[in-house]
Amino acid sequence: MTRVLVVEDDPIIGEMLTLYLTEENFDVQRVETAREGKLALGIYNPDILLLDLMLPDANGTELCAEFRQLTAVPIIVISMKPSVTVRIQAISNGADDFLVKPFSMQELKVRMEAVLRRATSLSPAAKPAKALHAHGEAMPDIDQGLSLDLERRTIVLNGEHIETTFSEYEIMKLFFHHPNRVFSREELINAVRGIDSFINDRAIDVHVTNLRRKLEKNPKEPQYIKTVWGVGYKFMNP
């Protein structure tokens, strides 16, 4: 049974989420503060996190970054703020999706299932838990170059593990499987979020910028992720 951690202080919304998701065969635990949420991550070990951005002890999109540092599970933000700026900030800080209150419970379920599918697509049971070259062959000795560690869901650069957000890793996974192929921003949006989820061109650009900062010696002259002007991006592994 999928475990859902709900961090929501509004008693009405919190109860609605708990009742609906329980009826849909999810295992649900709800807490009301950021502190309780962080403690529950280790104790409850959720598969997905529903996070309100306005809590009694913390608020703002920085909450996404704080929770992302503690867990790699998908995070869906549920917020009263409809601002596009807030949405982009939340996604850039590690959220995997964003829903504005009030929202359809059925839509929430569909989005949860979408991010969970992507989160489990590279589970160790499904694929070998080894680092890969860009073309997919296993690497017995990772000292130089860029590769993926499927078990830890990290990028390995010259033997060093580079931590990424869920979405950054999904973008790199797509690039690795299709080196030298040019991807439009729309293709990257659909691959990372799913067609029904919120994200836009600007958010993709932010993810690529963050990846370049983590991977490139000179992000302004990238060697791995190239911009194809007027189209999108492509990955090259020198």
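The values are calculated or read from the model by the stated rules, or taken from the named source; none is laboratory data. The shown structure was predicted, so the numbers you read here are calculated from the model rather than taken from an experiment. Don't worry about glycine lacking a Cβ; one is built from the backbone with ideal geometry, like all the others, and counts go over all protein chains shown.
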Checklist entry - What are the residue pairs meeting all of these: first residue in the range 55-75, first residue farther than 14 Å from Asn93 by Cβ, second residue modelled with pLDDT under 85 and not in a helix (DSSP H, G or I), Cβ atoms under 8 Å, and 6 or more apart or on different chains? => result Ala72/Arg153
Checklist outcome for this item: Going through (1) part of a loop (DSSP other than H, G, I, E, B); (2) buried (at least 18 other Cβ atoms within 10 Å of the Cβ) one by one, Asn25 fails only at (2)
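To keep it simple, each residue is scored yes or no on (1) in contact with a Lys or Arg (Cβ under 9 Å, 6 or more places away or on another chain); (2) farther than 20 Å from Pro11 by Cα.
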position: Tyr44; (1), (2): yes, yes
position: Leu53; (1), (2): yes, no
position: Pro56; (1), (2): no, no
position: Asn59; (1), (2): no, no
position: Cys64; (1), (2): no, yes
position: Ala72; (1), (2): yes, yes
Checklist entry - Given Val31, Val86, which one is farther than 25 Å from Val208 by Cβ and β-branched (Val, Ile, Thr)? => result Val31
Checklist entry - What number of residues within the range 16-26 are closer than 25 Å to Gly42 by Cβ and out of contact with any Ser or Thr (no Cβ under 6 Å at 6 or more places or on another chain)? => result 5
Next on the checklist: I'd like to know if the range 35-50 contains one or more residues that are over 22 Å from Asp201 (Cβ atoms), assigned to a strand (DSSP E or B), more than 15 Å from the chain's Cα centre (by Cα) and not assigned by TED's automatic domain parsing to the domain that holds Glu170.
Outcome noted: no
Item to check | Complete set of residues in the range 174-209 that are in contact with an Asp or Glu (Cβ under 6 Å, 6 or more places away or on another chain) and at pLDDT 85 or above | outcome: Arg185, His207
Checklist entry - Looking at (1) surrounded by fewer than 16 Cβ atoms within 10 Å (Cβ to Cβ); (2) more than 15 Å from Val4 (Cβ to Cβ), which is the only condition Leu53 fails? => result (1)
Checklist entry - Taking interchain pairs and intrachain pairs at least six residues apart, which have beta carbon atoms under 9 angstrom, with the first residue in the range 210-233 and touching a residue at least 60 places away in the same chain (Cβ under 8 Å) and in a loop (DSSP other than H, G, I, E, B) and the second of a type in the set (Lys, Arg) and surrounded by 12 or more Cβ atoms within 10 Å (Cβ to Cβ)? => result Tyr224/Arg212
Next on the checklist: Among the residues of the range 55-77, are any in a loop (DSSP other than H, G, I, E, B), over 16 Å from the mean Cα position of the chain (by Cα) and at pLDDT 90 or above?
Outcome noted: yes
Checklist entry - Going through the range 61-87 one residue at a time, which ones are buried (at least 19 other Cβ atoms within 10 Å of the Cβ) and either touching a Gly at 6+ places or on another chain (Cβ under 8 Å) or among the hydrophobic types (A, V, I, L, M, F, W, C) (or both)? => result Leu63, Cys64, Phe67, Arg68, Val73, Ile75, Ile76, Val77, Ile78
Checklist entry - Can we say Gly37 is without any contact (Cβ under 8 Å) to a residue 24 or more places away in the chain, crowded, with 17+ Cβ neighbours inside 10 Å and more than 29 Å from Val208 (Cα to Cα)? => result no
Checklist entry - Quick check: anything in the range 83-90 of a type in the set (S, T, N, Q), assigned to a helix (DSSP H, G or I) and within 24 Å of Thr154 (Cα to Cα)? => result yes
